[in-house]
Amino acid sequence: MWLNAESEWTCHLTVIPVQGWTRDLWFDQTELEWVAPSPNLPTLTSALVFTCTGVLEATNVSEGRGTTRPFELLGAPWLDGFALADALDGEGLPGVALRPAYFEPTFSKWQGEVCCGIQVHVLDREAFDPVRTCLHLLAALKRLHADELEIRPSALDARFGASWVREGLEAGAPVDELVDRCHEQSNRFTETRAPFLLY
């Protein structure tokens, strides 16, 4: 509905509202059964952290596919999860704890190889800021593993919807400035979508 109004799209839509859900509810508060929207999003937690760690699909860091904790685990054989956890702990990221972890993917990146990395634990999902956590994660990976980290620019840009995030990270821009710019854009979208909300 928003795209029809804001673009040249002319889709003829019928949108059926969901029953048993209101905007203030997390899915597990609805008492409805979780149906995985993807084989790699088996739980509400994996879907929540996907908004932070899904960006790693554009890198050579495993995002946990091939484990029982996709998008909660991330790493690579060359990654120092202990240094990464320490670096991110020093950023005071709200609502999240990041602990060193080892895992071995059964498929996807680094299949059959032991990876060192971190596990993302969301402690307070209301306070968790996936954008802030994601950008600090990317900056720390770049700082700690500049020689090993590989980023596919077009893939990363597609995930952020623009090249300025990648360009800012490459230039060493302060992460909080990039976060603030992301939040400004998100706030503008929140305003433009308001008339189209169904709930």
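No value in this document is a laboratory result; all are computed from the given coordinates. Treat the numbers as computed from the prediction; the structure is a model and nothing was measured. Glycine also receives a Cβ, built like all others from the backbone with ideal geometry; neighbour counts cover every protein chain displayed.
Calculated FRET efficiency, Ser108 to Leu44, Cβ-Cβ distance, R0 = 25 Å: about 0.70 to the nearest 0.05.
Relative to the Cα centre, the charge distribution of the chain, modelled as +1 at Lys and Arg Cβ and -1 at Asp and Glu Cβ, gives a dipole magnitude of about 320 debye. Provide, for q = 0.13, 0.14, 0.31 Å⁻¹, the log10 of I(q)/I(0) from a solvent-free Debye sum over equal Cα point scatterers in region 151-199. Ignoring solvent entirely, the Cα scatterers give -0.40, -0.45, -1.12.
Kirkwood-type hydrodynamic radius, region 112-199: 15.2 Å, calculated from all non-identical alpha-carbon pairs. Distance between the pseudo-spin-label points of Leu198 and Asp89 (7 Å out from Cα toward the beta carbon): 4.4 nm. Subtracting the Cα-Cα distance of Thr30 and Trp164 from 0.36 nm times their residue separation leaves 44.4 nm of extension gain. Positive-end ranking of Thr51, Gln119, Ala76 along the dipole of region 39-175, with charges on Cβ about the Cα centre, is headed by Thr51. More than 19 Å apart: what percent of Cα pairs in region 39-175 qualify? Tail fraction, whole percent: 45.
The long axis of helix 44-53 is offset from the longest Cα principal axis of the chain by roughly 70 degrees. Taking a ≥ b ≥ c as the square roots of the eigenvalues of the alpha carbon gyration tensor, region 1-71 is oblate, as a/c is not under 1.5 and a/b does not beat b/c. Around the amide H of Cys115, modelled in the peptide plane, lie the amide H atoms of Phe103, Glu104, all under 5 Å away and 5 or more residues distant in sequence or on another chain. Gyration tensor analysis over the Cα atoms of region 117-162 returns equivalent ellipsoid semi-axes of 22, 16, 8 Å (largest first, whole Å). Here the dipole of region 113-199 is about 240 debye; that uses its Cα centre as origin and unit charges on the Cβ of Lys and Arg (positive) and Asp and Glu (negative). Counting 0.36 nm for each residue step from Trp9 to Arg181 and taking away their Cα separation leaves a gain of 59.2 nm. Simple spin-label estimate for Thr68 and Arg23 gives 3.9 nm between the two label positions (7 Å along the Cα-to-Cβ direction from each Cα).
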